[in-house]
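Enquirer: Here it is: the structure, laid out below.
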Amino acid sequence: MSIVIAIDGPAAAGKGTLGLRLEQHFKLAKLDTGLLYRATGFKVLSQGGDPEDPAQAEAAARALDPAELNNPELRTDESAQAASKVSAIPGVRAALLDFQRNFAQNPPKLADGSAAQGAILDGRDIGTTVCPDAEVKLFVTASTEIRAKRRFKELRDRGLEAIYARVLDDMKERDARDTSRSASPLVAAADALQLDTSDMDADQAFAAALDFIAAKN
Ligand code: C5P
């Protein structure tokens, strides 16, 4: 049986770490859907365009090639801000929907060539819009300050220059845009497990998710 796990929540809440543990544990194919929006925003910026222009953003989303998702420049805060802007445009979300649903329904083979046992998608609207029938939905959060501290440390660890106050402001700006937009705003699905990782380490979050999944079977 193929399982679909949806992980949603704001930036730096711990979705990536938890998703990786679940991906390996259940042998799932993983899609980081934020990369689709980052690649769209990055494409518009690199064409000298405006990520808030619906026609430009939608054209970029439609022309997206999955190979573009491997670009390391998608990890920058500039790409994150552009992603957050293009992601508020309904035409962009619609253009990226089929790719995400197809990934969930027909997960690609794993890196070792074996068949995936299902798919895990991480994003903002997976449990509500992309895969409303997902067997498992997790909504991962943490306080804004803790998420900003995690992102700050991550940037520094990668050797990038960062100012905490700036990271915190960017996080607040992105949260406000993601939760207030009318197209698929960031909101927990009614049947999602809500996991606040502010005072949890990766092992505790993983254990809570496994308990939730076990209780469903
Ligand atoms: O998860 P990540 O930080 O890479 O996402 C970048 C931006 O893409 C988010 O701030 C959000 O605006 C957008 N996004 C979205 N829906 C998703 C995934 C990401 O709107 N499913």
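The values are calculated or read from the model by the stated rules, or taken from the named source; none is laboratory data. Note that the structure is predicted; figures quoted are calculated from it, not measured. Using ideal geometry, Cβ is built from the backbone for each residue, glycine included, and neighbour counts are taken over all protein chains shown.
Enquirer: Of the conditions (1) at pLDDT 95 or above; (2) polar (S, T, N, Q); (3) crowded, with 16+ Cβ neighbours inside 10 Å, Gln47 fails just one. Which one is it?
Expert: If we test Gln47 against (1) at pLDDT 95 or above; (2) polar (S, T, N, Q); (3) crowded, with 16+ Cβ neighbours inside 10 Å, just (3) comes out false.
Enquirer: Let me ask something else about it. Quick check: anything in the stretch 5-25 over 13 Å from the mean Cα position of the chain (by Cα) and either farther than 30 Å from Asp201 by Cβ or among the aromatic types (Phe, Trp, Tyr) (or both)?
Expert: no
Enquirer: Restricting to the stretch 81-114, name every residue that is of a type in the set (Lys, Arg), more than 13 Å from Glu58 (Cβ to Cβ) and under 14 Å from the mean Cα position of the chain (by Cα).
Expert: Scanning the stretch 81-114 gives no hits.
Enquirer: Here's something else I'd like to know. Which residue pairs have Cβ atoms closer than 7 Å, lie 6 or more positions apart in sequence or on different chains, and pair a first residue in the stretch 28-47 that is within 15 Å of Asp65 (Cα to Cα) and among the basic types (Lys, Arg) with a second residue that is outside any loop (DSSP other than H, G, I, E, B) and within 11 Å of the ligand (Cβ to nearest atom)?
Expert: Hits for this filter: Arg38/Leu74; Arg38/Ser79; Arg38/Ala80; Arg38/Ala83.
Enquirer: Grab the helices (runs of 4 or more DSSP H) fully contained in the stretch 1-81, keeping just those with 1 or more residues being among the hydrophobic types (A, V, I, L, M, F, W, C) and within 11 Å of the ligand (Cβ to nearest atom).
Expert: Counting at least 1 such residues, we get 34-46.
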